Amino acid sequence: MTPSSRTPGTRAVAKERTRDALLSAGFVLAETTGLEGLSVNALVATASVAKGTFFHHFGDRTSYLVALHRRFHDDVFDDVRRTTASMPPGRERLAAMSVSYLDACLRRRGVRALILEARGQLPIQDEIMRRNSATVDLLTDDFVAMRRPRPRAAARLWLAANAECALMELDAGHADPETRAALSDLLDGPRLEA
């Protein structure tokens, strides 16, 4: 293999590492600055890359914010799927999904800005709507398995309750067993008659 035949693969790896460094910088900075304070200058300084590199990877700050939001939720969704892969739809799977999501939020404290502030960012709203719809589709199966009378509405509310629990824990700075127990209690609602 000649050096020139290895270059595209090496470049692709380097490009992905740089993109990852910029996204990681966003999570670090978001913890203290929120989304509003994520300037391109701060991001490139934290990631130790040139300013032009940022624009090469993301085009503009808005595209970056969407990519940051997407990265976090893709990572969480992958964690949740791994955690619950062998579990049938139902209460136990919902509870396991919740713990996986909440723990992921605590590992990346900068996500507080993504949960709380992202809804006010118009470009991210489309991404949030798309993501929430896909998540509700997944969760609805669990509420159907639990014989809930309004499974899709219950799934939407469960999603919102988990986000609120995450915000409470992020504000506290740690997992809150009492809040998690209250969240779990929400799964014990009415069921359809057989």
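The values are calculated or read from the model by the stated rules, or taken from the named source; none is laboratory data. The shown structure was predicted, so the numbers you read here are calculated from the model rather than taken from an experiment. Quick reminder, even Gly has a Cβ in these numbers, built from the backbone with ideal geometry, and neighbours come from all protein chains shown. For accessibility, only protein heavy atoms count, side chains too; no ligands or nucleic acids. Shrake-Rupley method; radii C 1.70, N 1.55, O 1.52, S 1.80 Å.
What FRET efficiency do you get for Lys51 and Arg107 if R0 is 45 Å and r is their Cβ-Cβ distance, rounded to the nearest 0.05? Intermediate values should be presented prior to the final figure.
Working: r = 29 Å, r/R0 = 0.64.
After rounding, the FRET efficiency stands at 0.95.
Determine the shape class of segment 125-188: with a ≥ b ≥ c the square roots of the Cα gyration tensor eigenvalues, call it rounded for a/c under 1.5, and otherwise prolate if a/b is greater than b/c, oblate otherwise. Verdict is oblate for segment 125-188.
Thinking of the chain as a set of Cα atoms, what percent of all their pairs are more than 19 Å apart?
On the way: 11996 of 18721 pairs.
Value for the chain: 64 percent of Cα pairs lie more than 19 Å apart.
Given the Cα-Cα distance of Thr32 and Arg147 and 0.36 nm per residue of separation, how much length would full extension add, in nm?
Details: separation 115, 0.36 × 115 = 41.40 nm, distance 4.29 nm.
Working it through step by step, the gained length comes to 37.1 nm.
About the centre of its Cα atoms, the chain shows a dipole size close to 700 debye [charges on the beta carbon of Lys, Arg (+1) and Asp, Glu (-1) only; nearest 20 debye].
Summed over the residues of segment 65-193 and divided among them, the accessible surface reaches 52 Å² per residue at a probe radius of 1.4 Å.
Excluding ligands and nucleic acids, what accessible area in Å² is computed for Asp74 using a 1.4 Å probe, to the nearest 10? Surface open to solvent at Asp74 totals about 60 Å². Taking only protein heavy atoms and a 1.4 Å probe, the accessible area of the chain is 55% carbon and sulfur. Remark: segment 1-59 carries 59 Å² of accessible area per residue (probe radius 1.4 Å; ligands, DNA and RNA excluded).
Along the axis of the charge dipole computed for the chain (Cβ charges of +1 for Lys and Arg, -1 for Asp and Glu, origin at the Cα centre), the listed residues Val136, Ser98, Ala25 are led at the positive end by Ala25. Ellipticity at 222 nm from helices only: DSSP H runs of n ≥ 4 in the chain, each -39500 (n - 2.57), divided by the residue count, give -25500 deg cm²/dmol. Computed about its Cα centre, the charge dipole of segment 6-52 is approximately 400 debye, with only Lys, Arg, Asp and Glu carrying charge at their Cβ. Within the assembled protein chains, the solvent-accessible surface assigned to Ser184 is about 30 Å², based on a 1.4 Å probe.
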